[in-house]
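This report refers to the structure that appears directly beneath it.
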Amino acid sequence: MTQAVEPADCSLVGTAADLYLFLWNRVGTERLRVDGDPAVLGLWRELARIT
């Protein structure tokens, strides 16, 4: 059985180190490539809490 794969609304591409720093709000998106809808990233940053 094959499942259809939907494209992501937004994805980030960068080094593991830069993605980690971004996750902890240590750097912005200037070190990353943002593919897709940047509004989705803004919503995620507004609502997601990493503790």
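The values are calculated or read from the model by the stated rules, or taken from the named source; none is laboratory data. Note that the structure is predicted; figures quoted are calculated from it, not measured. Here the Cβ is made from the backbone with ideal geometry for all residues, glycine too, and neighbour counts use every protein chain on show. The area values use the complete protein model at the heavy-atom level, side chains included, leaving out ligands, DNA and RNA. Shrake-Rupley method; radii C 1.70, N 1.55, O 1.52, S 1.80 Å.
Listing for the model above:
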| item | result |
| --- | --- |
| Accessible-area order (highest first, 1.4 angstrom probe) of the listed residues T29, T51, T2 | T51, T2, T29 |
| Rounded to 10°, Cα long-axis angle of helix 38-47 versus longest principal axis of the chain | 60 |
| Segment 21-51: trypsin sites (Lys or Arg not before Pro) falling in loop per DSSP and having at most 12 other Cβ within 10 Å | R26, R49 |
| Descending semi-axes in whole angstrom, ellipsoid equivalent of the chain, from the Cα gyration tensor | 22, 13, 12 |
| Gain upon complete extension [T29, W44; 0.36 nm per residue less C-alpha separation] | 4.1 nm |
